[in-house]
Amino acid sequence: MIEKFKIMDRFYKSLVIISVFIVSHSLYVFFKAPYIGANLKLNEKGQVEIVDLDPAAWASKAGIKKGDILLELNGERIQGINIQLQQDSILKIKSQDGIKVLKVENLIFSEHSLYMLIIPLIIYFLCLFCSYFIYKSNEKINSISPYFLNIFLLFISLAYLSGSASARGDHVSQYLVLLFFISVPVIYLHFLYCYFLEFGNVLFNKKLIYAGYIIVFLNIVARIIEDFYNHLSLFTKFFSLFSFLVVFFISFVTKIVGLSKVKFSEIEYPVKVLIVTNVIAFSPFIVLYVIPYLFLEQAIFSPALLASFLLLVPFSLVYQFLSSKIYDIEFILGRVRYYALLSILPTIFLVAFIILLKEHNPKIYPIQLSIIIYILLICVFYFKEIIDFRFRFKRFSEKYNYQDSILKYTSRIRKAGSLKQMMAELKSTILEVLKVSRAYCLVVHEGGRIEMVDDDGDGGLLEIAPYEKDILNAVTEIGKIVEFDKGFVLTVGETNRRKYVIICLSVIKTPKLTRDEISWLNSLAFYTNVTVENFLKIEELMERLEKAEEGNSNPAWLKKLLFAIEEKQRSNLAKDLHDSVLQDLISLKRQCELVLEESGQYPAATIEKIQSMNQNILDIIHMTRETCQELRPQILYDLGLVKAVSKLVAQYEEQCNFQIRFNTGNFNKQLDINMQLNLYRIIQELLSNARKHSNAKQILIMLVNIREKIVLHYEDDGVGIDEELLYAKTESMGLSGIRERVKALDGEMKIETSPGNGFRVLIEI
């Protein structure tokens, strides 16, 4: 396997290098030789006869017709069909009108440059870009199938480029386009075989791949024979197109057969993707060029134009391979079928009007045609609205409508204030989308007792009574669906003691739920179950809070939540004070200062009062700022806990008669903002207590982290207090708030004190 992987790796890299030379050669031919748009053959007399013309190319516009004979090129007699014209070449042609001499014009940059040079180059570079990412993504996987996908991408782009040079008569490019063109579906088959083999699925016999390569070989041999005998051009072209049609048909049939093998497996959808993209990409080329040419000897559109549809195949494969995402095939097929049917009648009417108008009034034809198209479009859009509404449940798959309904449902239940309201939204959503007439939301208790969630009374219970067994069968797991003749039961939520289900009924016998409908109902059940769990957890939380209130003890998480709410309220209050009261005070102070600047107009006593008022306002401003800082210490949010406590210590030293030593040691613990706030408030409360009660001269505060623990040590040399009286005065001393904050942080607090021996607190978190 490793050796095979290395061989494929070398082959792919060599092909990339070879592709550069092929592209360079195609560009050389493009700029050297013009595109005249004529196919040649040797007739029974050995003459070079024109058998097919591109109506948009130079030959047709120059007056050359099917059946004309090429006599001479630049004064020399033409003996074979493999000729390559150059700019300003002189052609001598025998036609029904006589002998013509034509000069080939400079046709390098013509209307054909778009799809014969620009688009092929874009396709080549895009395929090369995609193959690079496939190659890089495969470096860790080391699979064989990505290499065949890369080869397929390069072959399809090189076939397009070589076709442009081949149409200009280049002999080498004719071989290249034949090789790449016939090999594309074969390489595609080989990729499919390897890709699904890696998933443990054999879609078809490998002999089909060998048969495909044999067909490629036979086409090359036929081309060599044609060049040797110089009279088999029609046969070889017919054989190559027929071979392409056969290999494509084999590819299509093998995927259909393979689909039956992987039905209901995880790769069923990838196979559907391959089938749909195959049909959409190859159908225009086969239907509008290959089949008409094989049976009518005349194509409807140019192959260069139709080949652009082949891009759907590589890019759909690349998308699937790189992202592992799957298109919604039913969505695509349903809408294609629906709009294809709608387009039949407008197309018939439009073509009929074009023919009639063109024959009778050629001068005013554009005006008439514009009016007819305008009226026809109005009719089409109007009747489409009517048809869309009348057949809204039948026209195509409603999967994307299902998705829209889920989005609406989830947005509705976000606003639901109770379990009952949420279940009502679920019922409403199902009734809007599915073909059911009634729905009931039920609760199945542990003993099998069934209750109604909604207010439908005894009538609802009587209607669901025949389906009680189905209801009990459905409550085994979330999302389980039990169907019966006139509806189904769906389990949407559960607890240890209760199951929540919804039963949907119809007045008539309903068809079985489709896979899309089942998937949609399972999604609804999942979202509903999550919401039910949230509502029940809220109920449980409220019960626990009530019990905790009765026991006069709150759990740690609740304390933490309450302190967080408190800090939020403090912050909001500080913001309000700063933005309203403080700004008004500053404005009032400025007005006082303006009055003082004009003090010469007022008596001395009045000026003195204004000065006193100005000073009082200034004091209030300072006090308000300190209050805002105390309520919301901004420095804590900006610089962290250590800097905030340092500033707090400095403020207390300025205001009080004690000295404070603040030691942080090697404190480097990263803490969330809530923990920082709680520690800050604890230290703030300890310092406030010291100022009010301690009469201390020296205070020591240590904040360190030892291993995973945070240690806060407070010590002063104040008057202390008898430990027996300590807990009686906790409220007045602020110790209860400190203790609650420590509990909220899941920490431990130890106090040591006695009369005349100071006060010590050790907190470990």
| field | Taking the C-alpha atoms of the stretch 147-228, convex hull volume expressed per residue in Å³ | value | 72 Å³
| field | Among the listed pairs 6/32; 4/272; 537/669; 206/237, those beyond 31 Å (Cα-Cα) | value | 6/32; 537/669
| message | Under 8 Å for C-alpha pairs, at least 6 residues apart: give me the relative contact order for the stretch 641-764, rounded to a whole percent. | response | 25 percent
| remark: Residues whose modelled amide H sits under 5 Å from the amide H of residue 168, counting only those 5 or more places away in sequence or on another chain, are none
| note | Checked against a 26 Å limit on the C-alpha separation, the offending pairs among 435/469; 568/643; 575/743; 420/568; 589/692 are 575/743; 420/568; 589/692
| Rounded if a/c is under 1.5, else prolate if a/b beats b/c, else oblate: with a ≥ b ≥ c from the C-alpha gyration tensor eigenvalues square-rooted, which is the stretch 641-764? | oblate
| note | The base-10 log of I(q)/I(0) that the Debye equation returns for the stretch 578-718 at q = 0.14, 0.15, 0.16, 0.22 Å⁻¹, one scatterer per C-alpha, is -0.77, -0.83, -0.89, -1.29
| Suppose R0 equals 25 Å; then what is the FRET efficiency for residue 97 and residue 298 from their Cβ-Cβ distance, rounded to the nearest 0.05? | 0.65
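Subtract the Cα-Cα distance of residue 341 and residue 736 from 0.36 nm times their separation in residues, and report this length gain in nm to one decimal. Mind showing how you got there, number by number?
Details: separation 395, 0.36 × 395 = 142.20 nm, distance 8.01 nm.
Here the segment from residue 341 to residue 736 would lengthen by 134.2 nm.
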| remark: Once amide hydrogens are built 1.01 Å from N within the peptide plane, the residues lying 5 or more places from residue 453 or on another chain with amide H under 5 Å from its amide H are 441, 442, 443
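Rule-based calculations on the coordinates, nothing more; no lab input. Everything numeric here is computed off the predicted structure, so don't read it as measured data. Note that each Cβ is placed from the backbone with ideal geometry, even for glycine, and that neighbours are counted across all protein chains shown.
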